[in-house]
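Visitor: Could you have a look at this structure, given as structure tokens, before my questions?
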There are 2 protein chains.
Amino acid sequence: MTDGIPFAGEPADSHEAIMRATFRALREYGYAGLSIQRIADEADLSKSTFYHHFDGKEDLLLSFQEFILTEFNRIFQVESTGDPEQDIKTFVSLVLDDFPDCVETPDKNAVLGSYVEMRAQAVQNPDFREKFTETDELFARQLVQIIEDGIEQGVFADVNPETVSRFMITILDGVILQSATRNDNPVAEVRDTIDEYIEETLILGTYSSH
Amino acid sequence: MTDGIPFAGEPADSHEAIMRATFRALREYGYAGLSIQRIADEADLSKSTFYHHFDGKEDLLLSFQEFILTEFNRIFQVESTGDPEQDIKTFVSLVLDDFPDCVETPDKNAVLGSYVEMRAQAVQNPDFREKFTETDELFARQLVQIIEDGIEQGVFADVNPETVSRFMITILDGVILQSATRNDNPVAEVRDTIDEYIEETLILGTYSSH
């Protein structure tokens, strides 16, 4: 791992090699098809080396959830430019748009697919549920910060930052779920509406109703 | 099954008994823990009777997806009252609100949890993906119809029914994903904002900006 980027460079150690192998096995066999044998094979490690690092499948999957959320948070991290309007558009664009010029390993859609598969485990697993509740919260806080900056600078309407942020995270979670599980292109259908919502709700001077 | 309701009354036949047993096994063991043995045990049937109805696990899961979507569509079916404002509020309420006075078997949250678990399989499985694309479409069409009625009756603003409908389905999918996979109450946080969105976007005479 280079600079805290889960998939960059050579794996730093066997733990990271196993995490990446789990990602590949998940892509190939789906969640229900994950087995320690398959993951060990992907990582080119023996099962005994595997058990040196993890107590079993459940232990592995909790670590893998952490790993995929680290990557998820890395992808969706916005460095503030000092211009909140720009920052909020960047945030939305990071979730919704493809970046064909920027070759990522693995690509964003693969990470989002794995994110949805792991997230569905939270229906049954309270540990997963706790973690995803926290991540949604972190995700929302990032947006709250941008909105607060915009209000302070007088470029955003005087909305409740918490409320708008949570609503936007709900919309983005909906887009992520749809994109990962449909065979058409749901983003194309809602992209303009999301932009309009931001314009109408937040950005001062765009619409006369503010 | 009584009147096309998947979980009502005694199971009509072994096929339906197996579907209900799959639902119970999914709730108990999670998707990754589903096995034909466990489902046969839940249904109190032998494995050989099971194989009389299904070729194997994949065949079963495709039938089960159909079964859970039938229940999903039944829950979220709005009978038009002739008042589009009422109808759209009923539609949103069906997804977002609990109905403590109405004892349902199984409860709505259990159905939504299973829906999310099945939907996550569509990340890997193209047959599932096709089916969920269709269901989102049916779901959106129901809303388009309500919005078109509202515009025709002059009670809704002259919006693009497709666009608003797809945006609302995205929001509701986001709420469903969050509710099934978080340990707080995400609905409470976005309920008012969704109502406001509907008021501001659709309903004439509420806000001066229309």
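Visitor: Only helical DSSP H runs with n ≥ 4 go in: add -39500 (n - 2.57) per run for chain A, normalise by residue count and round the 222 nm mean residue ellipticity to 500 deg cm²/dmol.
Guide: Computed mean residue ellipticity for chain A: -22000 deg cm²/dmol.
Visitor: Something else: Do the alpha carbons of any pairs in A:LYS131/B:LYS108; A:LYS89/B:LYS131; A:LYS108/A:LYS131 sit beyond 26 Å of each other, and which pairs?
Guide: From A:LYS131/B:LYS108; A:LYS89/B:LYS131; A:LYS108/A:LYS131, over 26 Å: A:LYS89/B:LYS131.
Visitor: If I model segment B:16-130 as equal point scatterers sitting on the Cα atoms and use the Debye formula, what is log10 I(q)/I(0) at q = 0.11, 0.24 Å⁻¹?
Guide: Cα-only, vacuum Debye calculation for segment B:16-130: -0.43, -1.37.
Visitor: When all alpha-carbon pairs of segment A:129-199 are counted, what percent fall beyond 15 Å?
Guide: 61
Visitor: Let me confirm one metric for peptide B:183-190, namely the mean number of other chain beta-carbon atoms within 10 Å of its residues' beta-carbons.
Guide: 5
Visitor: Between A:GLU148 and A:LYS47, how many nm apart are label points set 7 Å from Cα along the C-beta direction?
Guide: Between A:GLU148 and A:LYS47, the simple spin-label model gives 5.1 nm.
Visitor: When only alpha-carbon atoms count, how far does segment B:1-59 stretch along each of its three principal axes, as whole angstroms with the largest first?
Guide: If we take the Cα atoms of segment B:1-59, the spans are 31, 24, 19 Å.
Visitor: For segment B:125-164, with equal point scatterers placed on the C-alpha atoms only and solvent neglected, what are the log10 I(q)/I(0) values from the Debye formula at q = 0.18, 0.30 1/Å, to two decimals?
Guide: Listed by q, the Debye log ratios stand at -0.54, -0.91.
Visitor: According to the Cα gyration tensor, what semi-axes, each the square root of 5 times an eigenvalue, does the equivalent ellipsoid of the protein assembly as shown have, listed from largest to smallest in whole Å?
Guide: Numbers: eigenvalues 264, 202, 51 Å².
Ellipsoid semi-axes (Å, largest first): 36, 32, 16.
Visitor: I've got another one for you. From the residues A:TYR29, B:GLN65, B:GLN121, which one has its Cα farthest along the dipole of the protein assembly as shown in the positive direction, the dipole being from +1 and -1 charges on Cβ of Lys/Arg and Asp/Glu about the Cα centre?
Guide: A:TYR29
Visitor: Taking every pair of alpha-carbon atoms in segment B:76-201, what share in percent sits in each 5 Å bin, from 0 to the bin with the longest distance?
Guide: Result, from short to long distances: 2, 10, 18, 22, 20, 15, 9, 4, 0 percent.
Visitor: If you don't mind, another one. If I model a spin label as a point 7 Å beyond the Cα along the Cα-Cβ vector, how far apart are those points for B:ASP192 and B:SER35 in nm?
Guide: The two pseudo-label positions are separated by 5.0 nm.
Visitor: Hey, another quick one. Return the Rg/Rh value of segment B:81-155, two decimal places, where both radii are evaluated on C-alpha atoms and Rh is the Kirkwood radius.
Guide: That ratio equals 1.07.
Visitor: Here's a follow-up. Can you tell me the convex hull volume per residue for chain A, based on C-alpha atoms, in Å³ to the nearest whole number?
Guide: 133
The numbers here are math on the coordinates, done by the rules we state, and not lab data. Just so we're clear, the structure is a prediction, and the values are computed from it rather than from any experiment. Cβ coordinates were reconstructed from backbone atoms using ideal geometry, including for glycine residues, and neighbour counts include every protein chain displayed.
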